[in-house]
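Step one of this worksheet: look at the structure below.
Coordinate-derived values only; no laboratory data. None of these values were measured; they are calculated from a predicted model. Positions of Cβ are generated from backbone atoms using ideal geometry, with glycine treated the same way; all protein chains shown enter the neighbour counts.
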Amino acid sequence: MMKTIIFFAIVLLILVIAAVFVVHYFAREPLTYLLNQTEGIDEELTLSDEDKTVYVFDEARGNIANPNGDSVRFFMVQAVGSIPTGKHILTRKKEGYAKVARARIKDLMITVIGNKTAIELQNPLVKEEMRSHFRIEFNRITREEFSRANPKVDPRDLIWETHIEDLYFRTYNIQ
């Protein structure tokens, strides 16, 4: 009798988990507007010097984890990236999807840096890993937001208006 109850409990648990995944899958917003042609483009597209301009990402400020607990630590980071000259999504000041992209980028920077300890942030390898991660994620965010606003855009325009080629830290203060 006990084996039967345990068996039915396990089967019920598996069905509940499957149902949650099915509901989550069908309830989320479909991402069909994100074009498959842009995958891997970060490595393929390189801009010539005359085709790119410098864009300064807003400063990200906040507190960081301090495992010693002896004081409050603070960080301020500002990144600079190369973007195509012209109407890049990040340079559009008044359009809602551009504001959302900039806010998501700043939030990502604050979240990633704020979850690290002061010792981790002083490690050059961690800094380089974050820089690379930020560039990939910034490209993903700009493509998502631009695609939401322009679902039928030509793939070349999508790439040209959302690509971030280089990313460097201009300000990197940990106190």
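So here's what we get for this one:
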| item | result |
| --- | --- |
| Residue-wise HN-Hα coupling along the stretch 113-128, computed from phi with Karplus coefficients 6.51, -1.76, 1.60 (Hz; x: Gly, Pro) | 6, x, 8, 9, 7, 4, 5, 4, 5, 8, 7, x, 5, 5, 4, 5 |
| Burial ordering of I141, I6, fewest other beta-carbon atoms within 10 Å first | I6, I141 |
| ³J(HN,Hα), Karplus 6.51/-1.76/1.60, whole Hz, each residue of the stretch 138-150, x for Gly, Pro | 4, 4, 5, 5, 5, 5, 4, 5, 5, 5, 5, 7, 10 |
| Ranked H133, H163, criterion: other C-beta atoms within 10 Å, fewest first | H133, H163 |
| Gain upon complete extension [D166, V126; 0.36 nm per residue less C-alpha separation] | 12.7 nm |
| Nearest-0.05 FRET efficiency for I17 and E95, computed from C-beta distance (R0 35 Å) | 0.30 |
| Ranked K87, K127, criterion: other C-beta atoms within 10 Å, fewest first | K87, K127 |
